[in-house]
1. What's the number of the only condition in (1) in contact (Cβ under 8 Å) with a residue 60 or more places away in the chain; (2) touching a Gly at 6+ places or on another chain (Cβ under 9 Å); (3) surrounded by 16 or more Cβ atoms within 10 Å (Cβ to Cβ) that residue 16 fails to meet?
2. In the list 47, 39, 87, which residue meets the criterion of being among the hydrophobic types (A, V, I, L, M, F, W, C), within 10 Å of the chain's Cα centre (by Cα) and modelled with pLDDT under 95?
3. I'd like the full set of residues that are surrounded by 19 or more Cβ atoms within 10 Å (Cβ to Cβ), in contact with a Lys or Arg (Cβ under 8 Å, 6 or more places away or on another chain) and without any contact (Cβ under 8 Å) to a residue 40 or more places away in the chain, limited to the range 41-69.
4. Would you be able to say whether some residue in the range 52-62 is of a type in the set (A, V, I, L, M), touching a His at 6+ places or on another chain (Cβ under 9 Å) and not in a loop (DSSP other than H, G, I, E, B)?
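The values are calculated or read from the model by the stated rules, or taken from the named source; none is laboratory data. The structure displayed is predicted, hence computed values, not measured ones. Note that each Cβ is placed from the backbone with ideal geometry, even for glycine, and that neighbours are counted across all protein chains shown.
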Amino acid sequence: MDGEWLRELVLGVGGLVEAPSRYKDDLAYWLDGREIAHLEENNVLDLRLTRAVIAQFKDDPRVVRRDSSDWATLEVSQEDGEFVEMLVGKAIEANRR
């Protein structure tokens, strides 16, 4: 399945700019000069949520914390659209400067 649905969903939340990633050779989503999201695979999104926000979803198997960082990996499907939108909104709130 193509990951275009996920790109469109992230951009549809609003407030983000799509530009080259600083971490990989692909596009990413930026807020106030800071990269807060990028796709790893078609249905896998890395999202800068902050540790406090990630902790709220520690029992959700779709949210995997990456080491001790502010980044989480979301493994989702199109049926998780509302969930992804909500988390992207939380990432925007947490990273707004």
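1. If we test residue 16 against (1) in contact (Cβ under 8 Å) with a residue 60 or more places away in the chain; (2) touching a Gly at 6+ places or on another chain (Cβ under 9 Å); (3) surrounded by 16 or more Cβ atoms within 10 Å (Cβ to Cβ), just (2) comes out false.
2. Exactly one of 47, 39, 87 is among the hydrophobic types (A, V, I, L, M, F, W, C), within 10 Å of the chain's Cα centre (by Cα) and modelled with pLDDT under 95, namely 39.
3. 46, 54
4. no
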